[in-house]
Structure formats: structure tokens, C-alpha cells
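The values are calculated or read from the model by the stated rules, or taken from the named source; none is laboratory data. As the structure is a computational prediction, the values presented were derived from the model and not from experiment. With ideal geometry, Cβ positions are generated from the backbone for all residues, glycine too; neighbour counts draw on all protein chains shown.
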Amino acid sequence: MQSVSYTDAEYAVRGDFADSHSRFWQRLAAPGTWFTSAERIAIAREVRAGATCTLCIARKAALSPTAAVAGTHSHTTELRPAIVDAVHRITTDAARMTQAAYQQLLEAGISDGEYIEIVGTVVAMVSIDSFAVALGLPLRELPAPGAGTPSRYRPGLAANSADAWVPMLPPENAGTPEADLWVSGRTGNVIRAMSLVPDEVRTLGDLSAAHYLVHKLVAQPGADAGRALGRSQMELVAGRVSALNQCYY
């Protein structure tokens, strides 16, 4: 199984980065909940293609994300056009994704579960690729696709609510197959957001543990997980990056 390594970095890199990134590569090399492995890897390729997509650049420069901008995506795969559009929009202009845009994607044939798996894959790829860029390294080679079919698993308690555009699990998840996602009754919508596809929450938690903190420590101001930066320094960096990316939270 292909793994991710940072032994070519000029700086010492903690081993948990390569370990968590390798685990995501292993996930890409297997079928997901709604997409095959080949489709998941194609989504990863489209994340990378979005940065130089002429249509995405023009859309982002437009006053409104819903403005009529002519053109087609500079795609690199044979994914359905609606999937390419979703991947590119979320990758390049996530701060201006609206509920109306989400509804348009549903009308174009993307299911709510597919949308969440796309979001999860984009989040993971942007995190991993940005890490390589920050180290001055080339992007890591994607794994080869594996065999198998998507599980199409849908949590029984996932439901629509006023808290989000998409169905989510309730905060109280004790005694369910998703009890490992968070401490029952003690989580925020930023974690619940992808719970319609539980494996995407698991991936988010795995990457967060290396890039930031284990989820259960986030609400503990004194926890710093033994990083080189103190917790206040971490939050200063996180807050600045969030502001630059126009993050809602």
C-alpha cells in the first residue's frame, strides 16, 4: 500500500503527519461510502485542478458567486460535470458556497451523501497539499485505485434540522454505530456537519489530531497536546488563517 513520506523535507517533520496522510491515502485506495476508489481519486485530482481552472478564477473574481460567468471547468478527469463543479466550487470559493448553490448541485443529480463525501475529500486534500506546499515540496503522488463498491451506508438517525443545509446526526449519539465520532452531547456543528457520512468525520478527526488537536481537546483552553507552539499561539495562527479564508466559524 502506497504511503506518504516527508523524508525529502528540509525541516524535521513529526511522524504523525506522514502517518495520518498515509491513512487518508489508504482510504482513497478503497471505495468510500458513495464513490468508488477510482472516483475518489478522480475527485482528489480535480481538487488540484481547481487552482488553475479558468472558470473558477473568473467566478471568484465576479461580484457574486451566482453571477452568470461563461465557460467550462478545466477538468482533468471524466467525472460527471456536476461533481466536477461541486469539487471546484468547494475548493476555490468555499467561503461563498450558499444553500442555493447546494440545492443547485442536488438538482444537477448529486445526492446529499455524495456532497458530504466530496466536501470531506476536498478538506483532506487541501490540508495535505497545503502542508506539502508549506514545506516547499512537490505534491505527494496519489495512490492507485483499488477494487470494491461503495457501502452506501446512511446513519439511521441522520435528519434535516435548522442547524444545517444537510442532514446531520444529533449531538446525543450514545449507543449508536457512530458513538465514536464524539462524546455524546458534547460537540459542535463544525464536527457534526459531515456526520451524514460518518467516515468523513473520522478522517477529519484523524487529520485534525496531527494538524491541530484531538477533537476532544479543542474545548479545553489549557490543552496544547505538547506541540512546539503553545495553545494561544496555535489559536492565533488558526484565527488568522480562518480570517484570510473567510471561514464562517
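Taking segment 121-140 as the range and being without any contact (Cβ under 8 Å) to a residue 24 or more places away in the chain and part of a loop (DSSP other than H, G, I, E, B) as the test, only Pro138 passes. Looking across segment 71-95 at every residue that is among the acidic types (Asp, Glu) and not in a loop (DSSP other than H, G, I, E, B), the one that is farthest from the chain's Cα centre (by Cα) is identified as Asp85.
For the residues Ser161, Ser151, the requirement of being assigned to a loop (DSSP other than H, G, I, E, B) and assigned by TED's automatic domain parsing to the domain that holds Ser37 singles out Ser151.
Checking each residue of segment 141-164 against the condition of being touching a Phe, Trp or Tyr at 6+ places or on another chain (Cβ under 7 Å), under 25 Å from Gln220 (Cα atoms) and without any contact (Cβ under 8 Å) to a residue 40 or more places away in the chain gives no match.
Residue by residue, here is whether (1) closer than 20 Å to Thr91 by Cα; (2) among the small types (Gly, Ala, Ser) holds:
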position	(1), (2)
Ala147	no, yes
Ala162	no, yes
Pro177	no, no
Glu200	yes, no
Ser208	yes, yes
Leu213	no, no
Ala228	no, yes
Glu235	no, no
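Scan segment 205-216 for residues that are part of a loop (DSSP other than H, G, I, E, B) and either aliphatic (A, V, I, L, M) or surrounded by fewer than 17 Cβ atoms within 10 Å (Cβ to Cβ) (or both) and the total you get is 2.
Identify, please: which residue in segment 217-232 is part of a helix (DSSP H, G or I) and over 22 Å from Val126 (Cα atoms) and is, among those, nearest to the chain's Cα centre (by Cα)? Among those residues, the one meeting the criterion is Leu217.
Scan segment 21-57 for residues that are touching a residue at least 60 places away in the same chain (Cβ under 8 Å) and hydroxyl-bearing (Ser, Thr, Tyr) and report the count. Give the derivation first.
Keep residues of segment 21-57 that are touching a residue at least 60 places away in the same chain (Cβ under 8 Å), which gives 21, 23-38, 40-41, 43-45, 47-48.
Filter once more, so that each one left must be hydroxyl-bearing (Ser, Thr, Tyr): 33, 36-37.
Number satisfying all stated conditions: 3.
Across segment 1-54, the number of residues qualifying as in contact with an Asp or Glu (Cβ under 8 Å, 6 or more places away or on another chain) and not in a helix (DSSP H, G or I) comes to 5. Every condition in (1) surrounded by fewer than 15 Cβ atoms within 10 Å (Cβ to Cβ); (2) modelled with pLDDT of 95 or more is met by Ser161 except one, and the failing one is (2).
I'd like to verify a number: residues in segment 98-138 that are among the hydrophobic types (A, V, I, L, M, F, W, C) and either loosely packed, with under 13 Cβ neighbours inside 10 Å or not assigned by TED's automatic domain parsing to the domain that holds Ile41 (or both), how many? The qualifying residues number 3. Asn173 passes every criterion in (1) under 24 Å from Gly15 (Cα atoms); (2) among the polar types (S, T, N, Q); (3) free of Cβ contacts under 8 Å to residues at least 60 places away in the same chain apart from (1). The set of residues in segment 179-198 that are within 29 Å of Arg14 (Cβ to Cβ) and surrounded by 18 or more Cβ atoms within 10 Å (Cβ to Cβ) comprises Leu181, Trp182, Thr187, Ile191, Arg192, Ala193, Met194, Ser195, Val197, Pro198.
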